[in-house]
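Everything below concerns the one structure shown next.
The values are calculated or read from the model by the stated rules, or taken from the named source; none is laboratory data. These numbers come from a predicted model, not from an experiment. Backbone-built Cβ (ideal geometry, glycine too); neighbour counts: all protein chains shown.
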Amino acid sequence: MNNANGILPPIRPHKPAPPPKPRLAVFKFASCDGCQLSILDAEDELLALADKVEIAYFVEASRRTLAGPYDISLVEGSITTPEELERIQEVRRQSNYVIAIGACATAGGIQALRNWHNVDDFVRKVYAHPDYIQTLDTATPISDHVQVDFELRGCPINKAQLLDVLTALLIGRQPRVPSYSVCVECKRRGAPCVTVAQGVPCLGPVTQAGCGALCPAYRRGCYGCFGPAEAPNLEALGQRFLAMGASPDEVVRLFRTFNGYADAFRLAGDKLEEMQQ
């Protein structure tokens with residue numbers, strides 16, 4: 001329509017809408033919430049990340065929850081109940097990428113210690129009404145039930161590694177997560193070897209880096225929080241601990257901690273246990 005002067009207004013070019021942000025979801029299964037707290041502990045970095053993605057589901061941080069599908073789903077915790085088994089399969093269907101975060105999600109976690117025993121015995125001793133409890137016989141990692149696109153280890157995870165993995169996905173590059181052992185981190189920070197200097201059993205030689213050699217720096221042996229390093233020789237390390245005076249039971253318990261159900265630790269512990277029988 002003409003204006004009062006009979007001149008049409010200029011045509012303004014259409015400004016295209018910005019592309020939708022990738023949708024991020026965070027799910028919890030059987031766990032202590034420590035890995036989710038590590039995400040929240042990122043603080044300033046998390047705010048910068050939130051500007052690049054839409055946090056669609058993260059009940060630890062927000063009451064707003066949006067239905068799938070999701071571009072990236074972070075999954076904390078192991079699978080311990082029939083309900084969780086159904087839910088992780090639904091998470092997989094709704095997600096383009098599934099990233100298992102933490103020892104529970106990648107190796108079963110502390111709760112996987114029950115896998116060497118009869119879970120019904122624990123249920124009867126702990127609960128007043130065991131008949132109300134529905135649980136699986138084992139606590140298992142996410143990858144035992146659905147396809148996992150990436151695993152980020154730790155108890156809890158290293159927040160810098162998490163941010164690197166998410167950034168890598170957003171810009172299309174390979175994540176930079178170390179595969180070398182904690183011993184490398186000890187050398188970098190100048191921490192003396194607790195096994196050599198103090199005779200303390202330490203899983204550092206067979207554990208993937210990521211903690212910054214936290215325990216050895218305070219003269220304590222590594223507990224294997226970040227799971228087995230690349231090609232670990234646990235049999236040789238176990239023999240070393242036995243030669244230092246540790247009992248077979250002590251070595252088995254050392255192998256069965258945060259990542260005790262990870263293949264390398266599980267097989268080494270089982271083999272040592274069988275040798276005692």
Note to self: So, in the stretch 139-165, how many residues would count as being under 16 Å from Arg176 (Cβ atoms) and hydrophobic (A, V, I, L, M, F, W, C)?
What the structure shows: 7
Checklist line | Yes/no for Leu49 being in the same structural domain as Gln134 (by TED's automatic domain parsing), more than 12 Å from the chain's Cα centre (by Cα) and not aromatic (Phe, Trp, Tyr) | finding: yes
Item checked: Candidates Leu152, Leu162, filtered to the one that is crowded, with 19+ Cβ neighbours inside 10 Å and at pLDDT below 95 -> Leu162
Notebook entry, point to check: Does the stretch 63-86 contain at least one residue that is polar (S, T, N, Q), modelled with pLDDT under 95, part of a loop (DSSP other than H, G, I, E, B) and surrounded by fewer than 16 Cβ atoms within 10 Å (Cβ to Cβ)?
Noted result: yes
Note to self: Looking for something under 27 Å from Gly77 (Cα atoms), in contact with a Leu (Cβ under 7 Å, 6 or more places away or on another chain) and either in a loop (DSSP other than H, G, I, E, B) or of a type outside the set (Ser, Thr, Tyr) (or both) - is there at least one such residue anywhere in the stretch 169-176?
What the structure shows: no
Next item on the list: Could you tell me which numbered condition Val196 fails, if it satisfies all but one of (1) touching a Pro at 6+ places or on another chain (Cβ under 7 Å); (2) assigned to a helix (DSSP H, G or I)?
Entry: (1)
Notebook entry, point to check: Which of the residues belonging to the stretch 96-135 are touching a Leu at 6+ places or on another chain (Cβ under 9 Å) and either free of Cβ contacts under 8 Å to residues at least 12 places away in the same chain or small (Gly, Ala, Ser) (or both)?
Noted result: Ala100, Gly102, Ala105
Item checked: Candidate set: the stretch 18-33, residues that are surrounded by fewer than 17 Cβ atoms within 10 Å (Cβ to Cβ) and touching a residue at least 24 places away in the same chain (Cβ under 8 Å); chosen: the one farthest from Val75 (Cα to Cα) -> Pro20
Check: When you scan the stretch 119-174, how many residues do you find that are more than 24 Å from Arg23 (Cα to Cα) and over 12 Å from the mean Cα position of the chain (by Cα)?
Finding: 23
Next item on the list: Among the numbered conditions (1) modelled with pLDDT under 95; (2) farther than 23 Å from Gly77 by Cα; (3) part of a loop (DSSP other than H, G, I, E, B); (4) not polar (S, T, N, Q), tell me where Glu273 comes up short.
Entry: (3)
Margin query: List pairs: first residue in the stretch 240-258 and basic (Lys, Arg), second residue in a helix (DSSP H, G or I) anywhere in the structure, Cβ distance under 6 angstrom, at least six positions apart or on different chains.
Written below: Arg256/Gly269
